[in-house]
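Taken together, the values in this text are just the output of simple stated rules run on the coordinates, not laboratory data. Note that the coordinates shown come from a computational prediction; the quantities given were computed from them, not determined experimentally. Cβ sites come from the backbone with ideal geometry, for glycine too, and all protein chains shown count toward neighbours.
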Amino acid sequence: MTENELIDACILNNRFAQRTLYDSYKRAMYTLAYRLTGDFDDANDVLQDAFLDVFKNLGSFRKDATLGAWIKTIVARKAYQRFKKPKFLELKEDFEENELISWDEQMNSEYLEKAILALPEGFRTVFVMIEIEGFTHREVGELLGISEGTSKSQLFHAKKRLREMLK
C-alpha cells in the first residue's frame with residue numbers, strides 16, 4: 001500500500017490503515033514528545049492527542065511536505081499546548097549561530113539524552129526542535145510564538161550549556 005493509498009484508507013476510517021499509519025510513526029513521534037516534555041506519561045498523552053488530531057485532520061493534509069513532517073508538527077504543537085509556554089531567557093550576546101559541538105567518541109546516547117533533558121525548558125525545546133527534529137528557526141518561532149533571534153539565542157545557549165555539562 002502506498003502512502004497515498006494509506007492516507008485515503010485512513011480518511012475512510014479503515015481501522016487497519018489507521019493502525020498501520022500509527023504503527024509506522026508512533027516510535028519517532030513518541031521520542032519527539034518525550035524529548036519535548038521530559039516525562040514518559042506526558043509524552044504518551046501528547047502522542048495520543050496528536051494522533052487523534054492526525055486522524056481527524058488527515059483530509060486537510062495538503063502533501064506540501066512528507067506525512068511524517070506533518071505529523072511531527074502536530075506532535076510538537078500538542079506538546080507545546082499541553083504545558084505552559086516554555087521559559088525563554090532573553091540573552092543578549094554575540095554568538096556564532098552555526099557553531100558545532102564536538103562530541104567525545106566515548107559518549108553514549110543515554111548520557112547525551114540525560115544531558116538534553118537536564119537543559120532548562122526553553123533551551124531544551126529549541127534544541128530538540130532544531131538539532132534533533134530539523135525544524136528551522138522560522139518554524140520554531142512560529143510554533144512557539146518567539147522571534148527567530150530568540151530561537152537562535154536559545155539554541156546557542158543550549159549548545160553552550162550542553163558543552164559545559166558534557167565535559
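The label point for ARG77 and the one for PHE16, both projected 7 Å from the Cα toward the Cβ, are 3.1 nm apart.
Ranked by how many other Cβ atoms sit within 10 Å of their own Cβ, fewest first, the residues MET129, MET29, MET1, MET165 fall in the order MET1, MET165, MET29, MET129. Shown is the FRET efficiency for GLU121 and ASN4, computed with R0 = 35 Å from the Cβ-Cβ distance and rounded to the nearest 0.05: 0.35.
Extension gain, LYS160 to ASP39: 0.36 nm times the residue separation minus the Cα-Cα distance gives 41.2 nm.
Going from the fewest other Cβ atoms within 10 Å to the most, the residues SER109, SER147, SER153 appear in the order SER109, SER147, SER153.
Return the tail of the calculated pair distribution for the chain, meaning the percent of Cα-Cα pairs more than 26 Å apart. Here the tail beyond 26 Å accounts for 34 percent of pairs.
You can think of it this way: the chain between ILE132 and LYS26 has 36.5 nm of extra reach, that is 0.36 nm per residue less the Cα-Cα gap. With angles folded into 0 to 90 degrees, how steeply does helix 148-166 sit against the dominant principal axis of the chain? Use alpha carbons for both and round to 10. With both axes taken from Cα atoms, the answer is about 70 degrees.
Charges were assigned to the Cβ only: +1 to each Lys and Arg, -1 to each Asp and Glu. The resulting dipole of the chain about its Cα centre is roughly 440 debye.
By other beta-carbon atoms within 10 Å, ranking LYS167, LYS78, LYS114 with the fewest at the front produces LYS167, LYS114, LYS78.
Using Cβ point charges alone (K and R +1, D and E -1), the dipole size of the stretch 3-82 about the Cα centre works out to roughly 120 debye.
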